[in-house]
Amino acid sequence: MRSRRLTFLFLAFYFVFLGGSAYYTLLLPLRIFHHVFVSILMMYWLISRIRDEGLPRTPLDPAIFAAFGVWGITAITSIDPRMSFEMLWFVLLHVFLFYVLVDFFQRGRHRLVMETTFILSALVVIITTLELASWYFGLGIIPGTEVGWFNIKPIPPEMLRVSLAMNISTLLAGFVAPLIVIAFAWGITSKRKDYRRVLLGLSLSLLIVLVLTFSRGGLMSFGTSAAVFGGLQIVRRQSFPRWLIGVGLALGLGLFGIVFAMSTTRSSGDAGRLDMYQSAIEMWIDHPITGVGPGVYGRALRQYRTPEQARDKLASAHNAPLNTVAETGLFGVVVSIWLGILLVNAWRNTWKRQPWHGQKIRLEATIAAFIGMCVHSMVDVFTVTPVVLVLLLLVAYSITGQRSSLDIRPPGRKTPAWIGLIIVLCYAGFLLQADRAQLAYQASLNGIDPLKNAQRAESIDPYLNLYDLQIAYLENTIESYQSALILEPTWDVGWMNLAALYEAQGDLSAAYDAVQTAVNIMPLRGYQLHLARLAESGELADETTIIAWYINGMRYSTEALNRLPLAAFWIETPLRRAALESYLETLPVDLAYRVRTAHGYPTSRPTVPTSAADYWVEGETATTPQDAIVAFTEAIRLDDNNGDYYASRARAYIAAGNIQTARRDLTLARLYGTRFEYPNAIEAIITDDPRSREALIRQALPGRVIPAEFAAVLYGGRPATFDLLPAVRPIGPGKDALQPWFNLAQEYRRAGNEAEAARILQAIQDYAPDQDLDDFGSTN
């Protein structure tokens, strides 16, 4: 009995925190293990059911079996059948887990299931507590928390948005929100005082975790479930303690206030959400019966979305009904409604059968939490196993209730178990081939015979377009990119790299057209910069349009990459100068000062400084370090969340010889985050240890991010390293920002280490292809 409990607890932990988590997509070994382990687990359980009584019988069986038919049909008619069938494996897994839970409940093992649920919930609370402690005290338990707020500023400017337990705050909210009411209901109905205290404490702790996720959907879920649960108590008892009603109203108003406050700061996100909804409806109009296919909403979205709202990371409609109608069409809607009707009837019948009022309360909490999750699903779609497991738990308990091992179980069915076993065996073979292909692809990414392994992956799994794209990326020819873009016409990086190849051949018109296609696909990535550059070189557009495109490129670089237009590139032609001067007029005083100084434009000191930006400029133009410190301090007083100001004051303290205070300001700069100052480069100046100094210089600039959402959404979370070719990358941060790297290369060269010097110089060229190394002086 004890071994069975430990096994169940281990499996639950595995599905919630390992195999069912984001690590599945991040770690290929775990992905392969998950496929093998779960396939064996499903086969073992189905064979044991066949030898026993068959698949547990439930009131939902007719709709579930019909759903399998719908999923099969819609996958066949999908716009990407290969990925639809792969995504359906997760659906198969979740159906399997549902029947396992039903089997446990029918055999009277509800206590084991619920205790395991509460243990996992408590573990989420513990992990979140560690996350908060690491962030606040600088424990370094999680990356980026080596420096904490406690010793620097005991009251942080804003609270951490917790996410560690589920990797993403929205998923964490989806997991804990329904369990708050469940833990509360089990607590108030527990006959043991110690259990009651623990469960009520767990409920409160989960509520705190939920609030710290700052998830509007999660708060809506909890608010709905709490209201439904309270309403059911009032209806059933026809009386309710007045103080509890008052607390409920106060809590509801508080949650409404939080949700409203959060809503006022997310208008851009809401606009994107509306675009997703509209796109889902358009997909259904174009594919009314079977939809675009299970799991491929994200692929279809690239053809339907409003370009100005384009976000590559979106894989669902963030609305379960619309996502269902978009992916499975009318068939999916009918089956979903049927399933909902069967569930409500089954819950009502189960509720009537419960002999004890405590069991009725628990069932009421279960359906209330389920309704809360349904409300949450109107703004988010959860397909990951941890959150789906909570939903499956609620459904399984709603249709079985609390039974004992002596209760008569409904007779099982062996035919569905046989069919399920055949499906699992087929998927095991399919996943074996898919994993073999991905192993070869991963070897290609790791630099092991890249082209050969990419071709091998394509030969093993020829219907996954990712491998064709990898081949094109490695071959780097016009012909290979043209072939790849026929398969994936919305691959914006492919179009940009094709443009670079056309430009290298001197075909500026073809390059311009390729960039224009990329801009149409993804206008928010600053590609207009290269439209302007090509149009200026080939006289392909009027001057006003070219200047506007250059300004767009500068705006993207400033806002998305935290790079001001400081590079020499921006003053190399009259049109770029015109664009720069026009853009300068839109910048705040402090940012405009940085740009003017870099390019030798006249600057002026504020006559009567009033804003934080004014005082920062006064600090930069001060004649003594002490005057600069006074001005920067006033800038910080007026805007104490600006990390750049702390870094600037650190420079002044260094000039004044106050190294200890400078280090404190650099710590604050890192905590607040900087945009246009580089704390590591500044600290390297005052670091004597050669190794520490070199480490700081190597990390002087923020890393260059290669977007990976395109491949992750279209190919089931698989990684990709499709980088832009140097000719079409963003413009660099300017000579001064890159100077520490160049100086380090020179040190290696003087030490006789030409290889390392060459690697650093290549890193400069990769980071800023526009940067001429001759601008730094001698490279000898």
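The values are calculated or read from the model by the stated rules, or taken from the named source; none is laboratory data. Just so you know, these numbers come straight off a predicted model, no measurement behind them. Neighbour counts run over all protein chains shown; Cβ positions are idealised from the backbone, glycine included. Surface accessibility is based on the protein's heavy atoms, side chains included, excluding ligands, DNA and RNA. Shrake-Rupley method; radii C 1.70, N 1.55, O 1.52, S 1.80 Å.
Data for the structure
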| read-out | value |
| --- | --- |
| Highest average packing first - 596-608, 579-591, 382-394, Cβ atoms within 10 Å | 382-394, 579-591, 596-608 |
| Over the stretch 420-472, relative contact order from alpha-carbon pairs under 8 Å, at least 6 apart, % | 30 percent |
| Over the chain, relative contact order from alpha-carbon pairs under 8 Å, at least 6 apart, % | 13 percent |
| Length gained when the stretch A122-L524 is fully extended (0.36 nm per residue, less Cα-Cα span) | 140.6 nm |
| Within the accessible area of the chain (1.4 Å probe), percent carbon and sulfur | 61 percent |
| Accessible surface, 1.4 Å probe, highest first, among residues I629, I119, I685 | I685, I119, I629 |
| C-alpha long axis of helix 543-560 to longest principal axis of the chain, angle in ° | 60 degrees |
| Cα centroid of the stretch 372-420 to Cα centroid of the stretch 651-678, whole Å | 55 Å |
| Separation of alpha-carbon centers, the stretch 57-89 and the stretch 435-465, rounded to whole Å | 29 Å |
| Using θ = phi - 60° and Karplus 6.51 cos²θ - 1.76 cosθ + 1.60, couplings along the stretch 95-102 (whole Hz; Gly, Pro as x) | 5, 4, 5, 4, 5, 5, 4, 4 |
| Separation of the T545 and L130 label points, Cα + 7 Å toward Cβ, nm | 5.7 nm |
| Computed accessible area, Y556, all protein chains, 1.4 angstrom probe, square angstrom | 50 Å² |
| Tail weight of P(r) past 19 Å, computed on alpha-carbon pairs of the stretch 31-110, percent | 47 percent |
| Relative contact order (percent, whole number), the stretch 436-505, Cα cutoff 8 Å, 6+ residue spacing | 21 percent |
| With Cα atoms, 0 to 90° folded angle of helix 242-263 axis to the chain main axis | 30 degrees |
| log10 of Debye I(q)/I(0), alpha-carbon scatterers only, for the chain at 0.06, 0.09, 0.10 Å⁻¹ | -0.47, -1.01, -1.20 |
| Per-residue ³J(HN,Hα) for the stretch 308-320, Karplus 6.51 cos²θ - 1.76 cosθ + 1.60, θ = phi - 60°, Hz, x for Gly and Pro | 5, 10, 5, 9, 5, 7, 7, 10, 9, 7, 6, 7, 4 |
| For L55, distant residues with modelled amide H under 5 Å away | R413, K414, A417 |
| Per-selection Kirkwood Rh - the stretch 396-532 (Cα, Å, 1 d.p.) | 18.8 Å |
| Rough spin-label spacing in nm, given labels placed 7 Å along Cα→Cβ, for I40 and T477 | 4.5 nm |
| Computed over the stretch 661-753, Cα set: Rg, Dmax in Å | 17.1, 50 |
| Accessible area per residue, Å², the chain with all protein chains present, probe 1.4 Å | 45 Å² |
| Positive dipole terminus of the stretch 94-182, leading residue within L172, L120, M159 (C-beta point charges) | L120 |
| Phi to ³J(HN,Hα) by Karplus 6.51 cos²θ - 1.76 cosθ + 1.60 over the stretch 115-121, Hz, x for Gly, Pro | 4, 5, 4, 6, 5, 5, 5 |
| Intensity falloff of the stretch 21-170 expressed as log10 I(q)/I(0), Debye formula with alpha-carbon point scatterers, at q = 0.09, 0.12, 0.14 Å⁻¹ | -0.50, -0.79, -0.95 |
| Computed E for I571/T306 - FRET, C-beta separation, R0 51 angstrom, nearest 0.05 | 0.90 |
| Accessible area of H318 in the full protein assembly, 1.4 Å probe (Å², nearest 10) | 50 Å² |
| Translational diffusion of the stretch 182-230, µm² s⁻¹ [Kirkwood Rh, Cα pairs; Stokes-Einstein; 4 °C; 1.567 mPa s] | 114 µm²/s |
